[in-house]
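The structure under discussion appears below in the form of structure tokens.
The values are calculated or read from the model by the stated rules, or taken from the named source; none is laboratory data. Because the structure is predicted, anything quoted here is derived from the model rather than measured. Using ideal geometry, Cβ is built from the backbone for each residue, glycine included, and neighbour counts are taken over all protein chains shown. The accessibility values were calculated without ligands, DNA or RNA, using every heavy atom of the protein model including side chains. Shrake-Rupley method; radii C 1.70, N 1.55, O 1.52, S 1.80 Å.
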Amino acid sequence: MISIENLQKDYNQFKLECSLKVSPGQVSGLVGQNGAGKSTIFKALLGLISMTNGTIRIMGKDISNLSAEDKQKIGVVLNDSGFSGYLAIKDIVPILVHMYPFFEKETFLQQCNNFGLPLNKKIKDFSTGMKTKLKILIAVSHKASLLVLDEPTSGLDVVARDEVLNILREYMERDEKNTILISSHISTDLEGFCDNLYMIHDGRIVWEEDTDVLLSDYAILKLSQEQLNTIDKEYLIKMTKETFGYCCLTNQKQYYYENYPEIVVGKGSLDDFMFMMLKGENL
Amino acid sequence: MIGLLIKDIKLMKNQIVFFLITIVCGLILIPKQPLIGAWLLTFVIANFAIGSMTYDDFDNGNAFLFTLPFTRKQYANEKYLFSLAMGSLVWILLFLYNVIYQAIVNKRVDIYEVLFLESVVIIFTLLMLSVMFPIQFKYGGEKGRIANIAIIGVGLIIIFTVGNIVSIDSVTMKITEMMNELSISVLFILIAVAAYFVSMLFSQKIISQKEF
């Protein structure tokens with residue numbers, strides 16, 4: 001569905017270099033710190049910025065050749081941009097009706113009502129949560145086969161984040177070929193939602209893994225100096241020094257469970273793994 | 001394209017009071033100061049066309065807008081089309097007003113005089129927008145708007161200065177004499193239309209290279 005090959009974008013003090021693939025029917029997550037390059041990838045993908053080098057294809061087509069009809073199949077949420085704040089939802093509806101032949105007007109209005117979004121109020125007067133919900137509802141309202149969502153849960157409280165993720169889950173259930181590329185710096189949002197994850201750091205993809213593998217095989221080992229000296233390090237990826245000893249990231253949890261029953265094997269969260277990947281030393 | 005036009009019309013509602021006040025001022029001025037009145041109407045049309053781009057850009061709105069299903073070329077074309085539609089609306093209003101005004105006040109309708117004013121507005125508007133649009137496409141948002149307001153201001157200063165030196169009536173007469181020659185009027189209009197078209201091509205090029 002999405003293929004990014006050797007994308008390069010040079011800014012004065014930042015360089016993006018990455019490749020990634022998102023298959024049809026898949027939810028792929030892009031995680032990374034603020035300023036890591038997530039939004040730059042999205043902007044390049046959506047043709048909002050030029051590329052220094054590389055190729056980006058969406059639905060098999062080079063993005064420079066995407067027609068208006070192709071764009072009708074893509075729903076977009078950008079964290080820092082949306083319909084003009086001087087418009088109200090009732091103004092947006094006829095715009096969407098004319099832009100998207102498959103716009104589901106009744107469902108959209110019903111969902112706006114369900115989420116308590118006023119039709120006559122200008123968007124600039126909406127709260128952050130209301131604006132985000134509106135963006136998501138627009139993105140899923142026109143039978144898009146691909147959603148490109150840049151930080152859609154940013155600035156939302158836990159309840160609102162859950163509501164947004166539920167809308168997205170419903171979208172994925174509608175058609176097995178529906179596909180999502182989503183970014184967030186709140187990794188817990190992505191942990192239970194994505195099929196696979198890409199981690200970006202300083203403009204490069206530093207890690208790619210299926211979420212199932214991540215949750216079943218990865219773990220944080222807590223080791224003393226002595227344990228670190230004697231343990232088999234073949235499956236240790238990163239290490240950090242702690243006050244009690246060492247934390248090590250492994251992608252072979254079971255191996256250490258079985259062979260070193262005396263060591264503490266912490267389950268760890270995606271945040272822990274991210275921290276280890278970004279701040280840990282190589283072994 | 002229709003979706004974009006609807007968007008601009010909906011956004012226009014935010015400026016409707018200003019729009020109406022300026023049109024009324026323009027129409028009041030026209031019988032006594034035809035050139036300034038015509039200039040004011042030109043300003044209204046231009047301000048709306050440019051204003052719609054400022055609204056698009058508000059709060060980084062362009063980034064999302066350009067993910068919607070239209071091409072950048074279509075966006076540029078729509079702005080020029082929207083301006084033409086706005087211009088036509090003002091043009092029709094001006095025509096009806098002049099005919100009714102002359103019929104009531106002068107007890108007769110001088111269709112040449114009406115058409116002269118209409119021609120001046122068309123030429124002013126097309127030339128003005130031909131300059132303003134590429135500037136707005138290039139610089140966007142408030143920067144472009146300020147540059148364009150400066151252009152309008154300079155235009156007004158030139159008109160007033162020329163008016164003070166030569167007197168507006170004599171300038172009007174001079175232009176009237178020229179424009180009364182149908183062929184010259186048509187020539188000026190054709191030049192303005194050509195400038196508008198060339199300007200649209202420039203704007204297409206500018207917007208196609210822009211990053212959001």
Exercise for review: Looking only at the stretch B:42-84, count how many residues are closer than 28 Å to B:LEU117 by Cβ and of a type in the set (S, T, N, Q).
Suggested key: 4
Check your understanding: If you check B:ASN98, B:ASN106, which single one turns out to be crowded, with 21+ Cβ neighbours inside 10 Å and not hydroxyl-bearing (Ser, Thr, Tyr)?
Key -> B:ASN98
Check your understanding: Taking the condition within 25 Å of A:SER141 (Cβ to Cβ), open to solvent by 40 Å² or more (accessible area, probe 1.4 Å) and under 25 Å from the mean Cα position of the chain (by Cα), does B:PHE58 pass?
Key -> yes
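Which one of these is part of a helix (DSSP H, G or I) and at pLDDT 90 or above: B:ALA103, B:ALA147, B:ALA85, B:ALA63?
On the way: B:ALA103 fails: at pLDDT 90 or above; B:ALA147 fails: at pLDDT 90 or above; B:ALA85 fails: at pLDDT 90 or above.
Matching residue, one of B:ALA103, B:ALA147, B:ALA85, B:ALA63: B:ALA63.
So which of A:SER39, A:SER19 is open to solvent by 30 Å² or more (accessible area, probe 1.4 Å), more than 8 Å from chain B (Cβ to nearest Cβ), under 17 Å from A:ILE200 (Cα atoms) and not in a strand (DSSP E or B)? Before you say what the answer is, go through the steps one by one.
Values: A:SER19 fails: not in a strand (DSSP E or B).
That would be A:SER39, the only listed residue that is open to solvent by 30 Å² or more (accessible area, probe 1.4 Å), more than 8 Å from chain B (Cβ to nearest Cβ), under 17 Å from A:ILE200 (Cα atoms) and not in a strand (DSSP E or B).
For the stretch A:44-61: of the residues being more than 7 Å from chain B (Cβ to nearest Cβ), of a type outside the set (A, V, I, L, M) and open to solvent by 40 Å² or more (accessible area, probe 1.4 Å), which is nearest to B:SER208 (Cα to Cα)? Talk me through it step by step, then tell me what you get.
Within the stretch A:44-61, the first condition is being more than 7 Å from chain B (Cβ to nearest Cβ), and the residues that meet it are A:44-45, A:47, A:51-61.
Filter once more, so that each one left must be of a type outside the set (A, V, I, L, M): A:47, A:52-55, A:57, A:60-61.
Now restrict to residues that are open to solvent by 40 Å² or more (accessible area, probe 1.4 Å): A:52-53, A:55, A:57, A:60-61.
Values: A:THR52: 16, A:ASN53: 18, A:THR55: 18, A:ARG57: 19, A:GLY60: 22, A:LYS61: 19 Å.
Once the filter is applied, the top-ranked residue is A:THR52.
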Exercise for review: Sort out which residues of the stretch A:85-100 are among the hydroxyl-bearing types (Ser, Thr, Tyr) and under 17 Å from B:ASP59 (Cβ atoms), and write them in order of number.
Suggested key: A:TYR86
Exercise for review: Report, by residue number, each residue of the stretch A:208-228 that is part of a strand (DSSP E or B) and buried (at least 20 other Cβ atoms within 10 Å of the Cβ).
Suggested key: A:ALA219, A:ILE220, A:LEU221, A:LEU223
Practice item. Determine, yes or no, whether B:LYS32 is more than 14 Å from the chain's Cα centre (by Cα) and either within 24 Å of A:GLU69 (Cα to Cα) or of a type in the set (Gly, Ala, Ser) (or both). Key: no
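Taking the stretch B:66-81 as the search range and keeping residues that are part of a helix (DSSP H, G or I) and open to solvent by 10 Å² or more (accessible area, probe 1.4 Å), which one is nearest to the other protein chains (Cβ to nearest Cβ)? If you could, list the steps in order and put the result at the bottom.
Start the filter on the stretch B:66-81 by keeping residues that are part of a helix (DSSP H, G or I), which leaves B:72-81.
From what is left, the residues that are open to solvent by 10 Å² or more (accessible area, probe 1.4 Å) are B:72-74, B:77, B:81.
Values: B:ARG72: 9, B:LYS73: 10, B:GLN74: 7, B:ASN77: 12, B:LEU81: 15 Å.
Once the filter is applied, the top-ranked residue is B:GLN74.
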Practice item. Would you check if there is a residue in the stretch B:21-40 being touching a residue at least 12 places away in the same chain (Cβ under 8 Å), surrounded by 21 or more Cβ atoms within 10 Å (Cβ to Cβ) and of a type in the set (Val, Ile, Thr)? Key: yes
Exercise for review: Looking at (1) outside any helix (DSSP H, G or I); (2) open to solvent by 70 Å² or more (accessible area, probe 1.4 Å); (3) modelled with pLDDT of 90 or more, find the lone condition where A:LYS233 falls short.
Suggested key: (3)
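Using the structure shown, decide if A:PHE108 is open to solvent by less than 10 Å² (accessible area, probe 1.4 Å), modelled with pLDDT of 90 or more and farther than 24 Å from A:LEU30 by Cα.
Working: open to solvent by less than 10 Å² (accessible area, probe 1.4 Å): yes; modelled with pLDDT of 90 or more: yes; farther than 24 Å from A:LEU30 by Cα: yes.
Spelling it out, A:PHE108 is indeed open to solvent by less than 10 Å² (accessible area, probe 1.4 Å), modelled with pLDDT of 90 or more and farther than 24 Å from A:LEU30 by Cα.
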Check your understanding: If you check A:GLY85 against the conditions, is it surrounded by fewer than 21 Cβ atoms within 10 Å (Cβ to Cβ), at the interface with another protein chain (Cβ under 7 Å from one of its Cβ atoms) and not in a strand (DSSP E or B)?
Key -> yes
Practice item. Just need a number here: residues in the stretch B:7-20 that are within 14 Å of chain A (Cβ to nearest Cβ) and buried (at least 19 other Cβ atoms within 10 Å of the Cβ). Key: 4
Check your understanding: Name the pairs whose Cβ atoms lie under 8 Å apart, with the first residue in the stretch A:138-161 and under 20 Å from A:VAL97 (Cβ atoms), the second of a type in the set (D, E, K, R) and assigned to a strand (DSSP E or B), and 6 or more positions between them or separate chains?
Key -> none
Exercise for review: Given the conditions (1) more than 29 Å from A:VAL27 (Cβ to Cβ); (2) loosely packed, with under 14 Cβ neighbours inside 10 Å, report the number of the one that A:THR240 does not fulfil.
Suggested key: (2)
